[in-house]
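Structure, as structure tokens:
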Amino acid sequence: MLRQMVEESAFKTGDRLPSERELAASFHTSRHTLRSAMRQLEAQGLIQVRTGSGCYVLSPEASGNCLPPPGFLIETHDLQHLFEARYLMEPVIGALAADKASAADINALEGCLTRIGRAIVTAQPDEMDAAHRGFLNRIAACTRNALLEMTARQLGATSRFLFRIFERFERAEREAVFADYVSIVTTIKSGNADLTCAQIQQHILRVCQLLIRYEAIELPDIIQRAIRENPAARD
């Protein structure tokens with residue numbers, strides 16, 4: 001019902017939603033249940049939760065336009081296009097986030113790490129998928145650029161395919177992935193755009209290596225070349 005309200009109401013991009021107390025009363029539900037629903041909408045790119053300020057609509061139609069339908073299956077060439085776009089775009093978004101992130105943004109990103117850490121410990125693919133998408137959306141929100149936020153939602157929309165193999169990762173591999181997320185937040189917090197860019201590239205290469213290991217996925221030339229030229233990516 002909450003998602004339907006955002007998608008079908010008169011709310012426009014940038015509008016602030018009613019307070020948590022008002023929404024809970026409107027839907028006759030507990031604030032705990034409401035917070036859970038808000039986290040799901042945030043992960044889907046419909047809203048942005050700003051600490052100390054409230055919840056804001058990112059794009060009422062975003063979820064319907066960019067999330068794959070149930071049973072969605074990515075073709076090999078689509079996956080190659082996805083990783084090509086991720087490798088080229090996500091580091092740029094991260095670099096701008098490092099330049100613009102506020103203290104509230106950093107707090108929100110650190111909050112994302114808690115959810116990611118929980119998903120990694122339990123090795124739950126669905127939870128990891130939602131946590132990853134929420135993390136990408138939060139980084140993009142730091143840029144204050146609506147087009148980059150839309151791009152991040154598009155790039156994260158198909159991550160469900162990537163994390164369906166997550167539970168097969170060895171513990172050390174899951175820990176290395178989590179360490180990447182921590183490093184990305186650390187470099188954004190430091191305001192170092194170049195290091196943030198490099199760290200996100202390294203993370204994407206690590207994920208690609210895991211896909212090769214577990215799925216024998218053929219990756220685009222730009223990724224294969226980066227792996228060959230980056231010794232750390234082959235670890």
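Does GLY94 count as out of contact with any strand residue (DSSP E or B) (no Cβ under 6 Å at 6 or more places or on another chain), surrounded by 13 or more Cβ atoms within 10 Å (Cβ to Cβ) and at pLDDT 95 or above? Break it down stepwise before answering.
On the way: out of contact with any strand residue (DSSP E or B) (no Cβ under 6 Å at 6 or more places or on another chain): yes; surrounded by 13 or more Cβ atoms within 10 Å (Cβ to Cβ): yes; at pLDDT 95 or above: yes.
It is true that GLY94 is out of contact with any strand residue (DSSP E or B) (no Cβ under 6 Å at 6 or more places or on another chain), surrounded by 13 or more Cβ atoms within 10 Å (Cβ to Cβ) and at pLDDT 95 or above.
Scan the stretch 182-235 for residues that are β-branched (Val, Ile, Thr) and either closer than 15 Å to PHE135 by Cβ or outside the structural domain of LEU82 (by TED's automatic domain parsing) (or both) and report the count.
Looking only at that region, the number is 10.
Only residues that are among the acidic types (Asp, Glu), surrounded by 13 or more Cβ atoms within 10 Å (Cβ to Cβ) and more than 18 Å from GLY191 (Cβ to Cβ): list them for the stretch 97-127, please.
GLU127
What do you reckon, is LEU155 in contact with a Leu (Cβ under 9 Å, 6 or more places away or on another chain) and closer than 17 Å to GLY191 by Cβ? It would help to see each step written out before you state the result.
On the way: in contact with a Leu (Cβ under 9 Å, 6 or more places away or on another chain): yes; closer than 17 Å to GLY191 by Cβ: no.
Judged against the criteria, LEU155 is not a match.
State the number of residues belonging to the stretch 99-131 that are within 20 Å of GLN202 (Cα to Cα) and in contact with a Leu (Cβ under 8 Å, 6 or more places away or on another chain).
1
Residues in the stretch 155-172: is at least one out of contact with any Ser or Thr (no Cβ under 6 Å at 6 or more places or on another chain), modelled with pLDDT of 90 or more and of a type in the set (Lys, Arg)?
Checking the stretch 155-172: not a single residue is out of contact with any Ser or Thr (no Cβ under 6 Å at 6 or more places or on another chain), modelled with pLDDT of 90 or more and of a type in the set (Lys, Arg).
What do you reckon, is SER183 exposed (fewer than 14 other Cβ atoms within 10 Å of the Cβ) and of a type in the set (Ser, Thr, Tyr)? Break it down into steps so the answer makes sense when it comes.
Working: exposed (fewer than 14 other Cβ atoms within 10 Å of the Cβ): no; of a type in the set (Ser, Thr, Tyr): yes.
In short, no.
Please verify whether ASN192 is surrounded by fewer than 18 Cβ atoms within 10 Å (Cβ to Cβ), under 18 Å from PRO91 (Cα atoms) and modelled with pLDDT under 85, treating the condition exactly as stated.
no
Determine if the stretch 93-106 includes at least one residue that is in the same structural domain as GLN80 (by TED's automatic domain parsing), closer than 22 Å to LEU79 by Cβ and hydroxyl-bearing (Ser, Thr, Tyr).
no
Of the conditions (1) part of a helix (DSSP H, G or I); (2) modelled with pLDDT of 75 or more; (3) not hydrophobic (A, V, I, L, M, F, W, C), TYR56 clears all except one; give me its number.
(1)
Would you say ALA123 is touching an Asp or Glu at 6+ places or on another chain (Cβ under 8 Å) and under 19 Å from ASN107 (Cβ atoms)?
When the stated conditions are applied, ALA123 does not pass them.
Go through the stretch 124-235 and tell me which helices (runs of 4 or more DSSP H), entirely inside it, have 1 or more residues that are closer than 25 Å to ARG50 by Cα.
Fully inside the stretch 124-235 and qualifying: 125-142, 146-156, 159-163, 171-190, 193-215.
The values are calculated or read from the model by the stated rules, or taken from the named source; none is laboratory data. Just so we're clear, the structure is a prediction, and the values are computed from it rather than from any experiment. A quick note on method: Cβ atoms are made from the backbone with ideal geometry, for glycine too, and the neighbour counts reach across all protein chains shown.
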